[in-house]
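Below is one structure, written out as structure tokens; comments come after it.
The values are calculated or read from the model by the stated rules, or taken from the named source; none is laboratory data. Everything numeric here is computed off the predicted structure, so don't read it as measured data. Quick reminder, even Gly has a Cβ in these numbers, built from the backbone with ideal geometry, and neighbours come from all protein chains shown.
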Amino acid sequence: MEINPQQLFGNWIEGWALDLHTIYSIPIAPEMNIWDTKRPPIAEELYRLKYCYEQDRVDSIAKVAAEFLNKYKSKWQLDLIIPIPPSDTTRPFQPVYEMAKSIGRLVGLPVDFNTLRKVKSTFQLKDINDPDKRREILKDAFDINFNSLSGKNVLIFDDIYRSGETLNAVCDVIMNKGKARGVYVLTITKTRSKR
């Protein structure tokens with residue numbers, strides 16, 4: 001599957017999204033929330049996984065992510081992958097966790113689901129455009145035991161990069177409290193806007 005990697009900038013050392021989230025999205029019937037949307041292939045896979053609940057998409061996405069990550073793994077000297085904890089914990093199937101498990105298996109890295117904890121309930125941020133409001137919502141939302149990642153190079157993994165506020169908040173906790181040596185980021189897609 002062809003991808004068009006997008007560099008991500010934030011509090012981390014280096015970060016990438018495998019592709020854009022959409023090529024275009026045009027309203028057809030806005031009053032009924034109907035859009036004509038064209039996505040890159042990897043974004044279409046992600047859409048079908050998250051919104052159509054096609055769980056068999058995990059492996060195809062993970063394979064592409066692993067091929068990409070293998071180019072950076074030794075340069076970044078990664079020790080482990082930490083997926084972003086979900087906002088909706090009631091889902092029986094967590095797409096980010098399932099993709100992280102599959103990617104970790106393919107690249108030979110452990111995936112840590114326990115060190116980073118979401119300690120404050122937050123709702124989805126996609127409808128909040130104000131970066132200060134996003135930061136306020138995410139303030140103290142994540143926690144980690146002191147020194148729990150001392151000397152380790154960590155890959156933070158998430159499905160979609162929107163504004164980067166969640167990744168920045170997690171990176172701050174991992175670096176400042178967890179004392180990680182380095183933090184890197186990988187997401188499947190990146191939105192064109194910061195919503």
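Points to keep in mind about this one:
- All positions within region 176-189 that are in contact with a strand residue (DSSP E or B) (Cβ under 9 Å, 6 or more places away or on another chain), over 15 Å from Trp76 (Cβ atoms) and surrounded by fewer than 20 Cβ atoms within 10 Å (Cβ to Cβ): Lys177
- Residue match in region 123-136 (condition: surrounded by 14 or more Cβ atoms within 10 Å (Cβ to Cβ), among the hydrophobic types (A, V, I, L, M, F, W, C) and at pLDDT 95 or above): no
- The listed residue being modelled with pLDDT of 95 or more and on the phi > 0 side of the Ramachandran plot, out of Gly108, Gly104: Gly108
- Considering (1) assigned to a helix (DSSP H, G or I); (2) surrounded by 22 or more Cβ atoms within 10 Å (Cβ to Cβ), the lone condition that Phe157 does not fulfil carries the number (1).
- Counting the residues of region 88-114 that are under 16 Å from the mean Cα position of the chain (by Cα), surrounded by 18 or more Cβ atoms within 10 Å (Cβ to Cβ), under 13 Å from Leu155 (Cα atoms) and of a type in the set (A, V, I, L, M, F, W, C) gives 3.
- Checklist (1) surrounded by 18 or more Cβ atoms within 10 Å (Cβ to Cβ); (2) more than 29 Å from Asp172 (Cα to Cα) applied to Ala17, failing item: (2)
- Picking from residues in region 25-73 that are touching a His at 6+ places or on another chain (Cβ under 9 Å) and within 27 Å of Val183 (Cβ to Cβ), the one that is surrounded by the fewest Cβ atoms within 10 Å (Cβ to Cβ) is Pro40.
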